[in-house]
Amino acid sequence: MEFKGTKGEWEVVKGSNSIWVESPLWSIVDVNKKDTQQEQEANAKLIAAAPELLKALQSLQSQFKEMILDEGIDVDEGDTQAFNQATEAINKALK
């Protein structure tokens, strides 16, 4: 599956009373007044980094598969659990 979200760089923008995330085509404004400015900024940073995080996770997943299948490296239960969590996160992002 391929990421179908907005392509390009997202950035966190701070206004006098709010924080939002922008790309060249879109802007996401957090209007939840219950969140503190620190929470708004943390959410904005996560949203801005999401496309890069997805790409990195897909790369790690691919490398992990290659190590197991092509190189025959043994994995333990923790490795398998981490791989499964990565797969679930990738699927969640792409559905």
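The values are calculated or read from the model by the stated rules, or taken from the named source; none is laboratory data. In this text the structure is predicted, and so the values were computed from the model without any measurement. Note: ideal-geometry Cβ built from the backbone for every residue, glycine included; neighbour counts use all protein chains shown. Accessible surface areas use protein heavy atoms only, side chains included; no ligands, DNA or RNA. Shrake-Rupley method; radii C 1.70, N 1.55, O 1.52, S 1.80 Å.
Listing for the model above:
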item	result
R0 of 30 Å, Cβ-Cβ distance LYS14-MET67: FRET efficiency to nearest 0.05	0.15
Principal-axis tilt of helix 77-94 within the chain, Cα atoms, nearest 10 degrees	50 degrees
Among ILE68, ILE47, ILE19: highest mean-square fluctuation, GNM of the chain, C-alpha pairs under 10 Å	ILE68
Two-site label geometry, LEU57 and LEU25: point separation in nm, points 7 Å out along Cα→Cβ	2.2 nm
Residue-normalised accessible area of the chain, expressed per residue, 1.4 Å probe, Å²	78 Å²
Too-long pairs where the Cα-Cα distance tops 21 Å, listed order kept, from LYS14/LYS34; LYS14/LYS92; LYS65/LYS92; LYS34/LYS92	LYS14/LYS92; LYS34/LYS92
Rg/Rg_globular for the chain, with Rg_globular taken as 2.2 N^0.38 Å and Rg from C-alpha atoms	1.39
Stretch gain in nm, segment ASP35-ASP79, where the contour uses 0.36 nm per residue and the Cα spacing is subtracted	12.3 nm
Degrees separating the helix 37-69 axis from the principal Cα axis of the chain, which is the longest one	20 degrees
